[in-house]
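J.: Quick one: the structure is below, questions incoming.
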Amino acid sequence: MINRVRVRFAPSPTGPLHIGGVRTAIFNYLFAKKNGGDFILRIEDTDQNRYVPGAEEYIIQALHWLGIDPNEGIEQGGEFGPYRQSERKPIYKKYAEQLIQDGYAYYAFDTSEELDQMRERLKIEKNPIQQYNAITRIDMKNSLTLSAQIVSQKLADKEPYVIRLKLPDDEVITFNDTVLGEFNFHSSQLDDKILFKSDGMPTYHLANVVDDYLMQITHVIRGSEWTNSTPSHILLYKYLGWEKEMPFFSHMPLILRPDGKGKLSKRDGDRLGFPVFPIEWINLDTKEKYLGYREVGYFPEAFLNFLVLLGWNPGINQEIFTKEELIQLFSLDRIGKSGSKFDLEKAKWFNHRYLQQKSSKEIASVFSLILEEKGIKSVDFPVLKIIDLVKDRATFISDFWELTHYFFIAPNNYDPQIIKKRWKEDTPQMLEGIVQLLLNIKELNPITLESAIKLFIEEKQYNMGQVLNTIRLSLVGSSQGPSVFEIASILTADETVRRIKKAIQQIK
Ligand code: GLU
């Protein structure tokens, strides 16, 4: 028996990971690292009908992008493998049979029509609970109602069957969720869950419990949609004789839509205009493409930081945390009980903050690629200086083009609104004066330029706003950008003169 914390992230490869799942993976990772334990990735692919090609690779890539690679899993291997449930198929049958032998499970032979009829009948009788349970099973075709001989015959004839968990008829199943608190389920609220099918495949419930036991999982940290399955899992631990090895259960509250109305679903992302997936997902069948946070330009550290705080409270007045700090601080008891509203502005805020921490060199290494794509040779420009100048206005590296394009390409069009407001009869003459001033300036920098222009304005009694705004219009084409003195200094005196002359010519 391994004596340390072991947690698993156990997604089903039924599509791309939704950010709720990503957050669950992050919480598992942080909890494992905090406790010097193991973080396992187990692929729960028992439902072959719902298998989506590419989903498994997607999950692995998404965890990798976030920097939360598992230390045991289908890629890494490990002493508890295989880590893909479809490869563990032979393991489960014996447990299903053991449960039957011990009287905790039974064979059921009902066809889907018979099951429909049962539900229909219960509906007509206005029975609020329409499921296969301690009461209804008596009227169905199973090894509790049929003779042993008929059951053996059916099995020998290879008639399709399922193995169902035999729930007690009058028992309260209690568990204490580390996050959500105490739960009490009466067995009459639950159904006799299918554990195993005659095609040899276990269902989620059996495979999940068997694997958690065999992989020596100590803490189950998963989405709150699994809360209602937990009592059946607890019974399985008990019936299989594993009560002492039962893990702690922690269910994560939902991530809600920005308006707080309901769960943020996979479909909401398109509707609400932001991604719900960590990285790009391409549906191989329909070829539909969904953007991820990575493609929008989020830094993985920023996205991780944002997601962790969506539901977990660090207990201190700090919002920006390195992964190491999060590992140090993380605890399950600081996860909130209620859902957290997704907040896109907050996500952007985190990215903005992380961008400010990046050196201009780091930013330049990506921004230069954007420039090259536009046919601009970044080596010909003082890119680092340009980045420094506008960095505090950027949220994503892709914003830099919008913020700085005029440094690389002189404007051809000039904002008509500004022309209307600022371009007066004497403007060309005034700008000629600025051109002269620039030609005479010895060392052009924002300070020398500012004092020279201010002196010029004072001498000629010009209006400061008009001068600065028309220079800006000539250099940028609009009212955009940082101080005119900074812009001109980066452009150089020659280029500034060229642009002013061009504007005088073009604006009538
Ligand atoms: N396969 C389940 C899922 O897709 C795992 C739930 C659990 O962690 O037990 O979410």
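The values are calculated or read from the model by the stated rules, or taken from the named source; none is laboratory data. Model, not experiment: these values are computed from the prediction. No Cβ is skipped: glycine too gets one built from the backbone with ideal geometry, and neighbour counts run over all protein chains shown. Remember, those area values only see protein heavy atoms, side chains included, never the ligands or the DNA or RNA. Shrake-Rupley method; radii C 1.70, N 1.55, O 1.52, S 1.80 Å.
J.: Please list, in order, the residues from the range 184-222 whose amide nitrogen is less than 11 Å from a point placed 7 Å along the Cα→Cβ vector of residue 50.
T.: Residues 204-205 fall inside that zone.
J.: Another question, if that's okay. Which value, in Å² rounded to 10, gives the accessible area of residue 50 with a 1.4 Å probe and all protein chains present?
T.: 130
J.: Using only Cα atoms, tell me the angle between helix 204-214 and the longest principal axis of the chain; keep it within 0 to 90° and round to the nearest 10.
T.: With both axes taken from Cα atoms, the answer is about 90 degrees.
J.: If you line up the Cα atoms of the range 141-271 on their principal axes, what length do they span on each, largest first, in Å?
T.: Projected onto its principal axes, the Cα set of the range 141-271 covers 59, 39, 31 Å.
J.: Continuing with this model, one more query. Could you tell me, in Å, what Rg and Dmax come out for the Cα atoms of the range 31-85?
T.: Rg then Dmax for the range 31-85, in Å: 12.1, 37.
J.: Helix 493-506 against the longest principal axis of the chain: what's the angle in degrees, Cα atoms only, rounded to the nearest 10?
T.: 80
J.: If you take the C-alpha gyration tensor of the range 146-199, multiply each eigenvalue by 5 and take the square root, what semi-axes do you get, largest first, in whole Å?
T.: In descending order the semi-axes read 34, 13, 6 Å.
J.: Which cross-chain or sequence-distant (5 or more) residues have an amide H under 5 Å from the amide H of residue 72, H modelled 1.01 Å from N in plane?
T.: Here 39, 41 satisfy the definition.
J.: So which of 93/337; 33/93; 166/266; 123/166; 197/289 end up more than 32 Å apart by C-alpha?
T.: 93/337; 33/93; 166/266; 197/289
J.: Let me ask something else. Helix 55-66 versus the longest principal axis of the chain: what is the Cα-based angle in degrees, 0 to 90, to the nearest 10?
T.: Compared with the principal axis, the helix lies near 50 degrees.
J.: Semi-axes of the equivalent ellipsoid for the chain, please: Cα gyration tensor eigenvalues, times 5, square-rooted, ordered largest first, whole Å.
T.: 67, 22, 20
J.: Would you kindly state how much longer the chain becomes between residue 267 and residue 413 on full extension, computed as 0.36 nm times their sequence separation minus their alpha carbon distance, in nm to one decimal?
T.: That works out to 48.5 nm of additional length.
J.: Same structure, new question: What are the trypsin sites (Lys or Arg not before Pro) within the range 361-403 that DSSP puts in a loop, where the Cβ has at most 14 other Cβ atoms within 10 Å?
T.: Those that pass, being in a loop and sparsely packed, are 374, 377.
J.: Next up: If I take the Cα coordinates of the range 419-494 and project them onto the principal axes, what are the three extents in Å, biggest first?
T.: Per principal axis, max minus min of the Cα coordinates gives 33, 27, 17 Å.
J.: Can you give the relative contact order of the chain as a percent, counting alpha carbon pairs under 8 Å and 6+ residues apart?
T.: 12
J.: What are the trypsin sites (Lys or Arg not before Pro) within the range 436-499 that DSSP puts in a loop, where the Cβ has at most 10 other Cβ atoms within 10 Å?
T.: Listed in order of number, the matching sites are 442.
J.: Thinking of the range 285-419 as a set of Cα atoms, what percent of all their pairs are more than 18 Å apart?
T.: Roughly 64 percent, once rounded to a whole number.
J.: I'd like the Karplus ³J(HN,Hα) series for the range 370-380: coefficients 6.51, -1.76, 1.60, θ = phi - 60°, whole numbers in Hz, and an x wherever there's a Gly or Pro.
T.: Rounded to whole hertz, the list is 4, 5, 4, 4, 8, x, 9, 7, 5, 5, 7.
J.: Please give the contour-minus-distance gain from residue 437 to residue 344: 0.36 nm per residue of separation, less the Cα-Cα distance, rounded to one decimal in nm.
T.: Additional length available on full extension: 28.7 nm.
J.: How many angstrom lie between the Cα centre of the range 1-39 and the Cα centre of the range 300-360?
T.: 17
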